[in-house]
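Below you'll find the structure, written out as structure tokens, and then a few comments.
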């Protein structure tokens, strides 16, 4: 029997995996994918709790997050593309213009 | 004796008029006009505007003066312009008063001033800064008239500072020469010392008058209230104001600026540093004569300072070789006589000497300017001589001026100087009288030396200069002639009773400065007069014989007594003593404050804050790596910490 606790634990794990990916992976595209994992971990938690409470509000938020994620992906990929054209790299540690 | 000083004269008849304000306003307007448009106007127009402005003031002064002279004795014209300072207790109005005293001074300032303006059109005709010169000269005339016409100390102080400013501007007129610029600065700084005392004296009087219940700084109130004031306060105020006068009128100990002031154009020396501004101190004392007679100690101080200045400046004048320096020390010396007169209570005699001195000293300075102009800026009398035939008008007028200042009977200086010496003897200051008499003999000596070395004997300069030497244009010689006539006959307005005159000048001034009766027998007075005449003629004849062979007597004197010659030539080293004893110390102190307090403390505090901020910033700037992942990690740690805190707090 799956309880909301299971979903919460899965969501937390996914979120942790995504966060570690954002922090450790040097490739900006992979970091980007990790961000998507974190977003979807949050979505999973929303769905689970909405289902558990029988409330549709969580579904609405998930749809909103997915829309925003799609827009964000479009802009983010465009930024990465522009960055690559200028700097010929997609490694986050090689792009540090705004520093001390 | 000065004791029965009839200052409690009947309250003067005051007539209210509304045109006195235009007397200083005319030259002020001329000055502003020349400052704004002078550069673009042709030279003759600039000179004409400046002269017309002063001539207008002169015409107005004559009108006002005739009204005063024609009215009852003690008539005062009063012009209230507006209420200037209105504080709780103090009420100072900008008002002008023209009475016998200020009317006389105004006549001298505008009359002699006009002649000097005319002379300047010739003297400054080649100067590129012609318009600036006349703007300053007009501004000076205006400030001087405010000084004289003011009916209260604060308004007088406005003029007092104004003439100081113009003096500074005109001494340093050729400001590209550092020596001339610093001479101007010196005059300004030395005057400032006197001005500080002037302000203090004004404050003391205000405070004392407020205690009496009538907080007024109007001269007539001060003069009448002086008897009711505490004698210590009167003495303090009188001495402080006298220190102010020593600054403006170049008396010991503040005379050092006047010889240096000769760096300015010569007509400026004639107008400001001989005829008008430097007599402001004498005017101040005479204006407050009612106050000063209540402070006999202050009067004695004035008499002693005046006599010593008259004597020591004359000794310095004996060995000067710069034609203007001789006249400068002579001016200091003559101003000493004026203060001596005031000090023995003969204020009228002091003002009489102010007037005659204005005539002959302006004449002498303008004559010297004519010589300098004709010789193309040569000022050393050792390089002159035999200029009599080259410059006949200058020579003739200069000789008249010399005889007048020397005190030859019949000329103006004789009457005024003799009145001073007689009054000094009469007051019982026999030592001061003897000093004054010696000074008079030296005056005759150094002035004759100047004339002989300049106009007689053999020419000692470069021959090519002599060839080009010429008499000055009419614009310069005409004022000389007018002044020579005034210097010759100016004394006849004050012929003493013993010579069958009525001393009309003294009678005319008496309602303002009090009567001064001599208590000498006619025999004594005539004897004193004979002694003065003897001193003058002795000085003249001695110098005539000594210098007819040229400058060799001076060279012999320098060889035989180099120490004494240097002592006199350097004016008793007062200048260098001030420089090393005071000025350098002030500079050292300022440097210590600069390096110690300013740089060491104030700057250190400001810079310390700046570098602390920078060090703090340096220690944190490493966090800004530019790597997004570092930021993300920091963010994560922060969020986790916050959640942990919230969760831990919620659990408790």
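Give me the compactness ratio for chain B, meaning the Cα radius of gyration over 2.2 N^0.38 Å. Show your work: numbers first, answer last.
On the way: Rg = 30.6 Å, N = 652, 2.2 N^0.38 = 25.8 Å.
Relative to the rule-of-thumb radius for its length, chain B sits at 1.18.
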Q. Which whole-number percent is the relative contact order of segment B:146-260 (Cα, under 8 Å, 6+ apart)?
A. 27
(Q) Give me the percent relative contact order of chain A, please, defined on Cα pairs under 8 angstrom at least 6 residues apart. (A) 27
**Q.** Sorted largest first, extent of segment B:88-173 alpha carbons per principal axis (Å)
**A.** 53, 28, 15
Q: May I ask you to derive the relative contact order of chain B, considering only C-alpha pairs under 8 Å and at least 6 residues apart, and to give it as an integer percent?
A: 13
Q) For segment B:551-631, with equal point scatterers placed on the C-alpha atoms only and solvent neglected, what are the log10 I(q)/I(0) values from the Debye formula at q = 0.16, 0.19, 0.22 1/Å, to two decimals? A) -0.81, -0.91, -0.99
Q.
Using alpha carbons only, how many angstrom separate the centre of segment B:485-520 from the centre of segment B:276-353?
A. 18
Q) In whole Å, how far is the Cα centre of segment B:424-463 from that of segment B:619-635? A) 92
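Classify segment B:1-145: rounded, prolate or oblate, from the alpha-carbon gyration tensor (a ≥ b ≥ c, eigenvalue square roots; a/c under 1.5 rounded; otherwise prolate if a/b is larger than b/c)? Could you put the intermediate results ahead of the total?
Details: a/c = 2.60, a/b = 1.84, b/c = 1.41.
Taking the square roots of the gyration eigenvalues as a ≥ b ≥ c, segment B:1-145 is prolate.
If you take the square roots of the eigenvalues of the alpha-carbon gyration tensor of segment B:38-117 and sort them as a ≥ b ≥ c, do you get rounded (a/c under 1.5), prolate (a/b over b/c) or oblate? Don't jump to the answer; show the numbers that get you there.
On the way: a/c = 3.41, a/b = 1.44, b/c = 2.37.
Oblate.
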(Q) Could you identify which residue out of A:41, A:16, A:82 has the top mean-square fluctuation in a GNM of chain A using Cα springs shorter than 10 Å? (A) A:82
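For peptide B:217-230, what's the mean number of Cβ atoms from other chains within 10 Å of each residue's Cβ? Write down the numbers at each step before the final one.
On the way: counts 0, 0, 0, 0, 0, 0, 0, 0, 0, 0, 0, 0, 0, 0.
The shielding value for this peptide is 0.
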(Q) Kirkwood hydrodynamic radius, computed over distinct alpha-carbon pairs, for the protein assembly as shown: how many Å, to one decimal? (A) 31.1
Q: Using only Cα atoms, find the angle between the long axis of helix B:604-621 and the longest principal axis of chain B, and express it within 0 to 90 degrees, rounded to the nearest 10.
A: 20
Q: Before rounding to the nearest 500, sum -39500 (n - 2.57) across all DSSP H runs of length at least 4 in the protein assembly as shown and divide by the residue total; then give [θ] at 222 nm in deg cm²/dmol.
A: -23500 deg cm²/dmol
Q. Using the Cα gyration tensor of segment B:78-233, with a ≥ b ≥ c the square roots of its eigenvalues, what is the shape: rounded (a/c below 1.5), prolate (a/b larger than b/c) or oblate (neither)?
A. prolate
Q) Hey, got the average number of other protein chain Cβ atoms within 10 angstrom for residues in A:21-28? A) 3
Q. Across the Cα atoms of segment B:172-318, what radius of gyration and what greatest pairwise Cα-Cα distance (Dmax) are found, in Å?
A. 17.0, 54
**Q.** Most to least packed among B:89-97, B:629-637, B:559-567, B:163-171 [average Cβ atoms within 10 Å]
**A.** B:163-171, B:89-97, B:629-637, B:559-567
Q) For the Cα atoms of chain B, what angle does the longest principal axis make with the long axis of helix B:231-248, in degrees from 0 to 90, nearest 10? A) 90
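What's the average, rounded to a whole number, of partner chain beta-carbon atoms within 10 Å of each residue's beta-carbon in B:625-638? Let's see the in-between values first.
Values: counts 5, 8, 8, 9, 9, 5, 1, 7, 4, 1, 3, 4, 1, 0.
Per residue, the number of nearby Cβ atoms from other chains is 5 on average.
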**Q.** For segment B:381-501, the spread of Cα positions along each principal axis, largest first, Å
**A.** 56, 28, 17
Q) Going by average Cβ neighbours within 10 Å, how do the peptides B:331-343, B:518-530 rank, with the highest at the top? A) B:331-343, B:518-530
Q) What do you get for Rg/Rh over segment B:296-408 if you use C-alpha atoms and the Kirkwood form of Rh? A) 1.05
Q | Rg(Cα)/(2.2 N^0.38 Å) for segment A:1-40, N = residue count | A | 1.32
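At a temperature of 25 °C and a viscosity of 0.890 mPa s, determine how fast segment B:499-652 diffuses translationally according to Stokes-Einstein, using the Kirkwood radius over alpha-carbon pairs as Rh; express D in µm²/s, rounded to the nearest whole number.
Details: Rh = 27.3 Å.
After rounding, the answer is 90 µm²/s.
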Q: Rounded to the nearest 10 degrees, what's the angle between the helix B:22-37 long axis and the longest principal axis of chain B, both from Cα atoms, 0 to 90?
A: 60
Q: For segment B:81-129, just the Cα atoms, rotate onto the principal axes and tell me the three extents in Å, largest first.
A: 54, 30, 13
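Since every read-out is calculated from the coordinates, none of them should be taken as a lab result. Predicted model only: the values in this text are computed from it and were never measured. Don't worry about glycine lacking a Cβ; one is built from the backbone with ideal geometry, like all the others, and counts go over all protein chains shown.
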